[in-house]
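Take a look at the structure below.
The values are calculated or read from the model by the stated rules, or taken from the named source; none is laboratory data. Computed from a predicted model, the values in this text were never measured in an experiment. Here the Cβ is made from the backbone with ideal geometry for all residues, glycine too, and neighbour counts use every protein chain on show. Protein only, heavy atoms only, side chains kept; ligands, DNA and RNA dropped before computing areas. Shrake-Rupley method; radii C 1.70, N 1.55, O 1.52, S 1.80 Å.
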Amino acid sequence: MTFHNLTPAIPGFYSDPTWCVGPDGVYLAHSSFEYFPGAPVFRSTDLVAWEQVGNVIDRPDQLDLATFAGASAGIYGSTLRHHDGRFWFVTTNIGEFMRGQLIFHAEDAAGPWSDPVAVEGTLGIDPDLVWTDDGDCLLTWNHFHGDGRGQVRIDPLTGARLSEIRHVWPGTGTMKAPEGPHLYHVGDWWYVLLAEGGTEKGHSVTIARASRPDAAPDEWEPHPANPILTHRSTDHPVQSVGHADLIEYEGRWWACYHGVRPQGRTPSWHLIGRETFICPVEWVDGWPVFREDLAVAHPFDTALTDDFTAAPSPRWVVPQGDLSHATPGPEGLALDPGRPLVIRVQDLEWTAEATFDVASGTGRLLVYLDDDHWYSIEAGDGRVRALGQAGPFTTIFGEAGLPAGPTVTLRLSAALPEQGPRPADAPDLISMSVVDGDAVATLATVDGRYVSTEVASGFTGRTVGVQALDGAVTVRLFRYWPGQA
């Protein structure tokens, strides 16, 4: 069997993709849940190579992602649009969903973005913005109450509601969790695209059309062969595909959507989150057709080296916190005790190293999914320890003396297990090591499933990074690269 579209356009935990055509290329944004900075934004001119240009949420006073904290809280599914010379981003902060849907705007998608305005009374998730030919702005979202998607006419600058809330297409009625609406005006029809089936293995894309965007629920015509995209009940290496968004760019239509690459023996585990995929779209008999067979490979460079003497890469984020405890400078990154500073893991096999000065404190290098699911190697007080937590259980896997010298280099790596007659039980193996010149002392190699979404639950993926546990710690150098050392 031939499988298509195996290469993510944006690998790693970059889920719920949404995009638009701007004046100088295509811009792509994502949900980011509890991580700050939030809602990363990428740009491309050819839909093949992508570069992160910023984050919509980059100021702690812009949106509170810490007070209403928790794993998989924060920024949910969103919509990015460009209209009348301005970028618009509408989203839900699930920790304070009672405010309603939140709208940001910017002249440049790289930022700065405005503070949000809230649309009162729009309880739910996954909002969408669309403008009619008359200039009306319609907010459509997955309503927590009523049958179908909620919709209201608004002023996007102030968040004021300009009409009563109505409901549009509720979905096929055959799958759970219809959500993630996006509306498009193509030719004589208005289309509403949905995600259905849940974001797990039954994830799918469905669509319906009507003569106007505010058509009543029963006035929408579903596609006769819904879902129009899914990998459910197949052995495709990319599973849980869905949550799509469409654009027309340089005379051709395209779709972005997310999916996962599960590993290990049944029931399999996905490790690095829901990743962004892209494929062309063709219109046949008035309906979009996803052409995964025409998708191209994406040469995404995931390697990162950072000595923190300049402004850190925009890839650095903090779960349930901000960057106030991490100060770059000429000696490296000065870390006070606080939340881990991490980047998204973007490869199925990878290595990360961090060189610490721990003379006055304890620091660690960790692979992190949430506060209850992580592996780390930590150094301080004359010792190095490899340990991990899965739920309520914390285990020390190995210990060694701290190498001589002013600094210590710690290493984490993830490798896919060797394949035998049947798939390996473990999705991957994570090693925790101390690097001392040419010598590498591995303190433990452990099963990676305990840092997977299927064990931890939630919507995020693995990250890897650094943290100060006590005292004063300086990170002299951090390196991440695909593959093994």
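Among the residues of the stretch 333-347, the ones that are assigned to a strand (DSSP E or B) and open to solvent by less than 20 Å² (accessible area, probe 1.4 Å) come to 6 in all. Does Gly173 satisfy being more than 17 Å from Ala29 (Cβ to Cβ) and either modelled with pLDDT under 95 or aliphatic (A, V, I, L, M) (or both)? Here the answer is yes, as Gly173 does meet what is asked. Among the residues of the stretch 352-375, those that are crowded, with 18+ Cβ neighbours inside 10 Å and either free of Cβ contacts under 8 Å to residues at least 60 places away in the same chain or touching a Gly at 6+ places or on another chain (Cβ under 6 Å) (or both) comprise Phe356, Val358, Gly361, Thr362, Tyr375.
Restricting Thr91, Thr140, Thr158 to those that are over 24 Å from Val192 (Cβ atoms) and touching a residue at least 40 places away in the same chain (Cβ under 8 Å) reduces the list to Thr158.
Restricting attention to the stretch 95-120, which residues are among the hydrophobic types (A, V, I, L, M, F, W, C) and buried (at least 19 other Cβ atoms within 10 Å of the Cβ)?
Matches in the stretch 95-120: Leu102, Ile103, Phe104, Ala109, Trp113, Val117, Val119.
Of all residues in the stretch 226-256, none satisfies the criterion of being open to solvent by 60 Å² or more (accessible area, probe 1.4 Å) and aliphatic (A, V, I, L, M). State all residues of the stretch 405-434 that are closer than 16 Å to Trp350 by Cβ and part of a strand (DSSP E or B); if no residue qualifies, say none. Matches in the stretch 405-434: Leu410, Arg411, Leu412, Ser413, Ala414, Ala415, Leu429, Ile430, Ser431, Met432, Ser433. Do we have Leu366 as in a strand (DSSP E or B) and under 26 Å from Arg274 (Cα atoms) here? The answer is yes for Leu366.
Looking across the stretch 427-439, the residues that are of a type in the set (A, V, I, L, M) and surrounded by 21 or more Cβ atoms within 10 Å (Cβ to Cβ) come down to Ile430, Met432, Val434.
Scan the stretch 348-363 residue by residue and report those that are within 16 Å of Ser452 (Cα to Cα) and either among the aliphatic types (A, V, I, L, M) or not in a strand (DSSP E or B) (or both). Result: Leu348, Glu349.
Among the residues examined, Leu271 qualifies as assigned to a loop (DSSP other than H, G, I, E, B) and touching a helix residue (DSSP H, G or I) at 6+ places or on another chain (Cβ under 7 Å). Taking the conditions exactly as written (under 23 Å from Arg339 (Cα atoms) and among the acidic types (Asp, Glu)), does Asp370 satisfy them or not? Answer is yes for this residue.
Inside the stretch 455-476, residues that are open to solvent by 50 Å² or more (accessible area, probe 1.4 Å) and either over 16 Å from Ala359 (Cα atoms) or not assigned by the TED database to the domain that holds Leu416 (or both) make up a count of 3.
If you go through the stretch 108-125 one residue at a time, do you hit one that is at pLDDT 95 or above, part of a strand (DSSP E or B) and more than 30 Å from Asp371 (Cβ to Cβ)? Yes, the stretch 108-125 has at least one match. All of (1) farther than 27 Å from Thr463 by Cβ; (2) in contact with a Leu (Cβ under 9 Å, 6 or more places away or on another chain); (3) of a type in the set (D, E, K, R) hold for Glu221 with one exception: (2). Restricting attention to the stretch 299-331, which residues are at positive phi and either touching an Asp or Glu at 6+ places or on another chain (Cβ under 6 Å) or outside the structural domain of Asp371 (by the TED database) (or both)? Within the stretch 299-331, just Gln320 meets the criteria. Apart from one condition, Thr442 fits all of (1) open to solvent by less than 50 Å² (accessible area, probe 1.4 Å); (2) modelled with pLDDT of 95 or more; the exception is (1).
Each row is one residue, and each column tells you yes or no for (1) aromatic (Phe, Trp, Tyr); (2) at pLDDT below 95.
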| site | (1), (2) |
| --- | --- |
| Val281 | no, no |
| Val289 | no, no |
| Val296 | no, yes |
| Phe300 | yes, yes |
| Ala311 | no, yes |
| Pro319 | no, no |
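One residue stands out in the stretch 189-219 among those that are among the aliphatic types (A, V, I, L, M) and within 21 Å of Ile247 (Cα to Cα): the one that is surrounded by the fewest Cβ atoms within 10 Å (Cβ to Cβ), namely Ala210.
Taken over the stretch 168-192, residues that are part of a strand (DSSP E or B) and not hydroxyl-bearing (Ser, Thr, Tyr) amount to 10. The condition of being closer than 18 Å to Pro181 by Cα and either open to solvent by 70 Å² or more (accessible area, probe 1.4 Å) or over 20 Å from the mean Cα position of the chain (by Cα) (or both) holds for only one of Pro222, Pro280, Pro267, Pro299, that being Pro222. The set of residues from the stretch 380-404 being part of a loop (DSSP other than H, G, I, E, B) and free of Cβ contacts under 8 Å to residues at least 12 places away in the same chain comprises just one member, Ala404.
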